[in-house]
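Following: one structure in structure tokens, then a few remarks.
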Amino acid sequence: MPVSVRSLALVGDRKLALAEGPAPPSPATDEVQIKVRAVALNHLDLWGYRGMAFAKRKLPVVVGVEASGEIAAIGSQVADFKPGDPVVMYGALTCGVCKACREGRDNLCENVGGIMGFHLDGFARDLLNMPARLVIPVPKGVGLRDAACAPIGFATVQHMLFDNARLEPGETVLVHAGGSGIGTVAIKMAKVIGCTVITTVGDDAKAEKAKSLGADHVINYRTDRFEGAVRKLTGKKGVDVVFEHVGAETFNGSLLCLKRGGRLVTCGATSGPSTTINLMQLFQQQYRIIGSFGASMRNIRESLAKMAEGLLPVIDTDLPLAQYEQALARLESRQVFGKIVISL
Ligand SMILES: [Zn+2]
């Protein structure tokens, strides 16, 4: 065990500090100690880095909301893990006992203690202790760099498309920002069950890459209005499902892309949080608009199972911990195709 361990903390808005400190104590009876191997970046990291006025939290806070690692030690009551096991970690400190937790709706926990890497210390550190109940084994054949993208990148999409939008084989889905971390996953997850996928990207190079992931139609939103293009592509019918996370810039256009009774599922608002919607259109067209945030432990297991079957994340870049800030800048610039991973 190392005598000192590294941790990367947010110490102020847009200010990170890499520090060395003592290793954590031995895990408590119901905890495991984890050697972190890979941290994957998400928009949540950018929100945290820029500072969010309404977010109550104490700085410094160790960053990193999504990660994988190996079990280094186990508490005396832990039976499900042994040292060396590859694992991923749930990213929120749920209570484990409320009705939502008992029913497996972990992301609706009534007494959630916060999100790791945002409100509470996160995963961008060499070694940490976690309650064993929030740790999920990685199946054989899945690498830790890929597995790092399961807790948020994959599980968020799994939850949105299947628990919330109830996407069925053969349906047509519009995936916004097909080059983003979750966009790339949504394209792959929808294609593998036999859906028709229309996606939007911001440049022609990304259009080619989105096609290579299996997207049937790619719209460059900088040169084409996506609402018009979707109407044309669907013979004026519209799509069954829209996968939204862009927000203000696209939300109304997204509603116009839906067929009657269509579902819009959203987990983000990167272009802005506010918009107005036409309520007449909402009820007459019988749209269903579904908000989605995070995922359940089950969604993470489902995601890892998909990885084991060969549905792997698109890795844009893999950088060392010392280049975390450059990685955030790359994410912020939108010059990304897929996920950015930090290897420890
Ligand atoms: Zn709970």
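Looking across 269, 295, 327, 305, one residue alone is at pLDDT 95 or above and either among the hydroxyl-bearing types (Ser, Thr, Tyr) or open to solvent by 20 Å² or more (accessible area, probe 1.4 Å) (or both). It is 305. Only one of the listed residues (78, 62, 39) is aliphatic (A, V, I, L, M), surrounded by 16 or more Cβ atoms within 10 Å (Cβ to Cβ) and in contact with a helix residue (DSSP H, G or I) (Cβ under 6 Å, 6 or more places away or on another chain). That residue is 78. Only residues that are within 12 Å of the ligand (Cβ to nearest atom) and either of a type in the set (Val, Ile, Thr) or buried (at least 21 other Cβ atoms within 10 Å of the Cβ) (or both) were counted across region 110-133, and they come to 1. Taking first residues from region 105-133 that are closer than 14 Å to residue 5 by Cα and partners that are assigned to a helix (DSSP H, G or I) and at pLDDT 95 or above, the Cβ contacts under 7 Å between residues at least 6 apart in sequence or on separate chains come to 124/321; 124/324. Looking across region 175-189 at every residue that is open to solvent by 10 Å² or more (accessible area, probe 1.4 Å) and assigned to a helix (DSSP H, G or I), the one that is farthest from residue 335 (Cα to Cα) is identified as 188. Would it be correct to say that residue 243 is in a loop (DSSP other than H, G, I, E, B), under 30 Å from residue 134 (Cβ atoms) and touching a residue at least 12 places away in the same chain (Cβ under 8 Å)? It is false that residue 243 is in a loop (DSSP other than H, G, I, E, B), under 30 Å from residue 134 (Cβ atoms) and touching a residue at least 12 places away in the same chain (Cβ under 8 Å).
Can you say whether residue 16 is modelled with pLDDT of 95 or more and farther than 20 Å from residue 73 by Cα, as far as the supplied structure shows? Spelling it out, residue 16 is indeed modelled with pLDDT of 95 or more and farther than 20 Å from residue 73 by Cα.
Show me the strands (runs of 3 or more DSSP E) entirely contained within region 39-157 in which 1 or more residues are hydroxyl-bearing (Ser, Thr, Tyr) and under 16 Å from the mean Cα position of the chain (by Cα).
The qualifying strands (runs of 3 or more DSSP E) are 67-74.
Does region 87-101 contain at least one residue that is more than 16 Å from the ligand (Cβ to nearest atom), modelled with pLDDT of 95 or more and open to solvent by 80 Å² or more (accessible area, probe 1.4 Å)? Within region 87-101 (the criterion being more than 16 Å from the ligand (Cβ to nearest atom), modelled with pLDDT of 95 or more and open to solvent by 80 Å² or more (accessible area, probe 1.4 Å)), the answer is no, since none of the residues qualifies.
The values are calculated or read from the model by the stated rules, or taken from the named source; none is laboratory data. The structure displayed is predicted, hence computed values, not measured ones. All Cβ positions, even for glycine, are placed from backbone atoms using ideal geometry, and neighbour counts span all protein chains on display. Surface areas here come from the heavy atoms of the whole protein model, side chains and all, with no ligands, DNA or RNA. Shrake-Rupley method; radii C 1.70, N 1.55, O 1.52, S 1.80 Å.
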